[in-house]
Amino acid sequence: MAGSDPLAVEPQHRMDAGVSVALMMIMGIYAQAIYFPHAHSRLLWIMLCSVLAYALWQQLEARLPWLLDPVDRPPRRLNLSDGALAAMGFMFVQGFIGMLLSTEDGASAQATLIAFSSAGVITASSALWLFWRNALPDLLRATGLRPAEGWRRALPRNLAWGAPGGLLAALLCAGYFAVLRHFPLLEPDMPAPDMPLPILATLVVIAAPLTEEFIFRGLLFAGLRSTVPVAWAIPASAAIFALIHPTLGVVPVFVLGCITAIAYQRTGWLLAPMVAHGIYNAALLI
């Protein structure tokens, strides 16, 4: 309905073909998600499909007052579909580039870093270009790339939220894994990245905070809070963020997602969650 023009003279023009293709893609992704071999992957993609479906309803609800007007459109704003599509696109592009760079022995450390960083750059650039093309008001502030207040005033405030938040998340993570060590059956599944320390540090301390905070806080969380109360948007965005990580890391990453979302909500600038994320990952390396 939201992609239709009921006033069009020709019947074939009353339905937007792009919207029909998008709906079929969502149904295809959902059907594929059901048949993923691992329960963790199934849960992640089913949740992303559900979020995207809710995001489409959000757009329909916003457009209802303009539905019978073929010219006017609701004012552009950052919504949930932007974050859901960015998250799905990032994972798809990362997997595609990783597949191109992989060899018979699997993906190398350099290939993993290149795939992750390239997917982040492509996803962020595409999102910002689409926002600019669709005339999103105050683009940089809406996506968290520029503080709402002056730089000098925002910097210490963001550091004051980001640094303690990252340390708190790291301490809780250390306690969580200390408890898991009392369960020997879980130890073989604990993540142990096999890559040189400089590449690993670049990946988890620099590339991951920049990319994931823009997607999951700047877009996904911001889109959620535009529709649901912040108290619901924080754990919902953190849950999706946690599910893209290894199974045993879901709980501490969920806590990190909640802390970074709160920091972003309180500061309005992505520097705070990026600092918290970077400190958390750096503490895990140490």
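The values are calculated or read from the model by the stated rules, or taken from the named source; none is laboratory data. This structure is a prediction, so every number in the text was calculated from the model and none was measured. Note: ideal-geometry Cβ built from the backbone for every residue, glycine included; neighbour counts use all protein chains shown. Quick note on the areas: whole protein, heavy atoms, side chains included, nothing else; ligands and nucleic acids left out. Shrake-Rupley method; radii C 1.70, N 1.55, O 1.52, S 1.80 Å.
When you count the other C-beta atoms within 10 angstrom of each residue and take the mean per peptide, 219-231, 168-180, 255-267, 87-99 line up highest first as 255-267, 219-231, 87-99, 168-180. Determine, from the Cβ-Cβ distance of M47 and L128 and an R0 of 35 Å, the FRET efficiency 1/(1 + (r/R0)^6), rounded to the nearest 0.05. About 0.90, to the nearest 0.05.
Please pull out the direction-averaged projected area of segment 143-286, using the convex hull of its alpha-carbon atoms, in nm² to one decimal place. Please report the intermediate quantities before stating the final value.
On the way: hull surface 35.1 nm².
So the Cα hull casts an average projection of 8.8 nm².
Note on exposure: E212, E61 ranked by accessible area (1.4 Å probe, complete protein assembly) read E61, E212, with the most exposed listed first.
Share of segment 161-286's accessible area from carbon and sulfur, percent, 1.4 Å?
Values: 4140 of 5570 Å².
For segment 161-286, the apolar C and S fraction of the accessible surface comes to 74 percent.
What residues of segment 259-286 lie in the reach of a label at Y176, counting those whose backbone N is under 11 Å from a point 7 Å from the Cα along Cα→Cβ? Taking a point 7 Å out along Cα→Cβ of Y176, the residues of segment 259-286 whose backbone N falls under 11 Å are 259. The C-alpha atoms of segment 82-164 occupy a region whose extents along the principal axes are 52, 36, 17 Å, arranged from largest to smallest.
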